[in-house]
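Enquirer: Below are the structure tokens for one structure; questions will follow.
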Amino acid sequence: MNSLGLTTLCCVLVVVGTLECFSYAQLDPSFYDSTCSNMHSIVRDVLSNVSQSDPRMLASLIRLHFHDCFVQGCDASILLNDTDTIVSEQSAAPNDNSIRGLDVVNQIKTEVENACPGIVSCADILALAAEISSELANGPVWEVLLGRRDSLTANQTLANQNLPGPNFTLDQLISTFDNQNLNITDLVALSGAHTIGRAQCRFFDNRLYNFSNSGNPDPTLNTTLLESLQAICPNGGPGTNLTNLDLTTPDTFDSNYYSNLQLQNGLLRTDQELFSTTDADTIPIVNSYISNQTLFFENFKASMIKMGNIGVLTGSQGEIRTQCNLVNGNSATLATFTSKESSQDGMVGSI
Ligand code: HEM
């Protein structure tokens, strides 16, 4: 069926009350084939250069796409800086001094604009950068659906509401994902992105000293890992020291994230919850990824595509921003406002 046919079918479905496939129909992997055919290679070249000096950047960009999609859809709203009319999502608690990669996205956008001005959205750059990051970290490869447009607004309140916290219980995680129409398999597969990247002590140090106000460490944290984490994250310390999310293969995208959970070596509470919650439906999914990395990769791809479809703007909705940090017509203020992102990159505690 051609895309017009699909759209028509979806409009019929919308009329009878099923909204789900509406946005899927309009995204297409070949969206820029005739208008910006080298955008893939531009994104890839920037990322392969940047990741040589900063391998963590691959993780940071996968996370940026996730934090974009969970807040009013994958519309690059996370990239908008504070202005008179925009309250930036970058200052929301889950993002503040934590998200990285805004400068890299700007670098990509500048190069893409030079090649094909006014064509490629920032939301699509985020989606493509996430996929190429997975690929460069030896993870799954998939065809990215394209054709998203950029929002005219941001929503900091929604960023605080919709993004999961590192101390959520499994029930809270399930409902946070369910709000985005993502199921338990999506939750487990997408959490596997923690196979690469780093986390700051402040996101898990309650597990080391005073878990759930017990005065003791989290009983589901491996005691050897506990000791090394206590050395990296001293009690009452600044909370900004970093450690690897995946204890065993920190920069390689593989299924070791899940084997870690079996040994109680999950770093965040939310990681360990997937395996250590009594009788949870997530446990057999974790086990299946440990025994079959291909299954993890297949499910990760499918869930990333599903996540990449959340609330997308298409057609004449939104706009193609000229600069990712500002809505169009506001560029005079660019110099005044700077992006907020986590500045500490280097310090990683060794375990
Ligand atoms: C399930 C709920 C999740 C929670 C509670 C969570 C929370 C966190 C936290 C607290 C960090 C550390 C940030 C920092 O220290 O600055 C982090 C890092 C990361 N998250 Fe998640 N996350 C979740 C799901 C996801 C998903 C669905 C993805 C992508 C598909 C993802 C990708 C990443 C990556 C790649 C990093 C490392 C980023 C870097 O090194 O810059 N996370 N996450």
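Enquirer: Within region 50-76, count every residue that is more than 16 Å from the ligand (Cβ to nearest atom), within 17 Å of Ile305 (Cα to Cα) and surrounded by fewer than 23 Cβ atoms within 10 Å (Cβ to Cβ). Walk me through it before giving the result.
Expert: Just the residues of region 50-76 that are more than 16 Å from the ligand (Cβ to nearest atom), to begin with: 52, 72, 75-76.
If we keep only those that are within 17 Å of Ile305 (Cα to Cα) as well, we get 72, 75-76.
Now restrict to residues that are surrounded by fewer than 23 Cβ atoms within 10 Å (Cβ to Cβ): 72.
Final tally of qualifying residues: 1.
Enquirer: State whether the residues of region 274-287 include one that is modelled with pLDDT of 95 or more, more than 14 Å from the ligand (Cβ to nearest atom) and crowded, with 18+ Cβ neighbours inside 10 Å. Before the answer, list the steps.
Expert: Step one: of region 274-287, the residues modelled with pLDDT of 95 or more are 274-287.
Add one more test, that the residue is more than 14 Å from the ligand (Cβ to nearest atom), and what stays is 276, 278-279, 281, 283-284, 287.
The next check asks that each one be crowded, with 18+ Cβ neighbours inside 10 Å; those that pass are 276.
Yes.
Enquirer: Which members of region 31-43 meet the condition of being surrounded by fewer than 18 Cβ atoms within 10 Å (Cβ to Cβ), farther than 14 Å from Glu143 by Cα and of a type outside the set (Gly, Ala, Ser)?
Expert: Result: Thr35, Asn38.
Enquirer: Please enumerate the residues belonging to region 77-99 that are of a type in the set (D, E, K, R) and surrounded by fewer than 22 Cβ atoms within 10 Å (Cβ to Cβ). Quick ask: steps written out before the conclusion?
Expert: Of all residues in region 77-99, those of a type in the set (D, E, K, R) come to 82, 84, 89, 96.
Residues satisfying the conditions are Asp82, Asp84, Asp96.
Enquirer: I've got another one for you. Would you be able to tell me the number of residues in region 183-196 that are outside any loop (DSSP other than H, G, I, E, B) and either more than 13 Å from the ligand (Cβ to nearest atom) or touching an Asp or Glu at 6+ places or on another chain (Cβ under 7 Å) (or both)? Working first, answer last.
Expert: Taking region 183-196 and keeping what is outside any loop (DSSP other than H, G, I, E, B), we get 184-195.
Next, from what is left, pick out any that are either more than 13 Å from the ligand (Cβ to nearest atom) or touching an Asp or Glu at 6+ places or on another chain (Cβ under 7 Å) (or both): 184, 191, 194-195.
So the count comes out to 4.
Enquirer: State all residues of region 232-273 that are part of a helix (DSSP H, G or I), in contact (Cβ under 8 Å) with a residue 40 or more places away in the chain and crowded, with 21+ Cβ neighbours inside 10 Å; if no residue qualifies, say none.
Expert: Taking region 232-273 and keeping what is part of a helix (DSSP H, G or I), we get 232, 256-262, 269-273.
Narrowing the set further to residues that are in contact (Cβ under 8 Å) with a residue 40 or more places away in the chain leaves 232, 256-258, 269-273.
Selection gives Tyr257, Tyr258, Arg269, Thr270, Asp271, Gln272, Glu273.
Enquirer: How about region 77-182: which helices (runs of 4 or more DSSP H) wholly inside it have at least 3 residues that are within 16 Å of the ligand (Cβ to nearest atom) and within 30 Å of Ala280 (Cα to Cα)?
Expert: Numbers: elements: 102-115, 122-136, 156-162, 170-178.
Answer list for region 77-182: 122-136, 156-162, 170-178.
Here is a yes/no grid of residues against (1) out of contact with any strand residue (DSSP E or B) (no Cβ under 6 Å at 6 or more places or on another chain); (2) among the small types (Gly, Ala, Ser); (3) within 23 Å of Arg321 (Cβ to Cβ):
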residue	(1), (2), (3)
Glu89	yes, no, yes
Ile108	yes, no, yes
Cys116	yes, no, yes
Trp142	yes, no, no
Asp150	no, no, yes
Gln156	yes, no, yes
Asn162	yes, no, yes
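Enquirer: Just checking, how many residues over region 199-231 are among the hydroxyl-bearing types (Ser, Thr, Tyr) and part of a loop (DSSP other than H, G, I, E, B)? Talk me through it step by step, then tell me what you get.
Expert: We begin by selecting, within region 199-231, every residue among the hydroxyl-bearing types (Ser, Thr, Tyr); these are 209, 212, 214, 220, 223-224, 228.
Filter once more, keeping what is part of a loop (DSSP other than H, G, I, E, B): 214, 220.
Number satisfying all stated conditions: 2.
Enquirer: Something else about it: Conditions first: (1) buried (at least 17 other Cβ atoms within 10 Å of the Cβ); (2) on the phi < 0 side of the Ramachandran plot; (3) not assigned by TED's automatic domain parsing to the domain that holds Thr278. Thr153 passes all but one, so which condition is the exception?
Expert: For Thr153, the failing item is (1).
The values are calculated or read from the model by the stated rules, or taken from the named source; none is laboratory data. Model, not experiment: these values are computed from the prediction. Every residue, glycine as well, gets a Cβ built from its backbone with ideal geometry; the counts of neighbours run over all protein chains shown.
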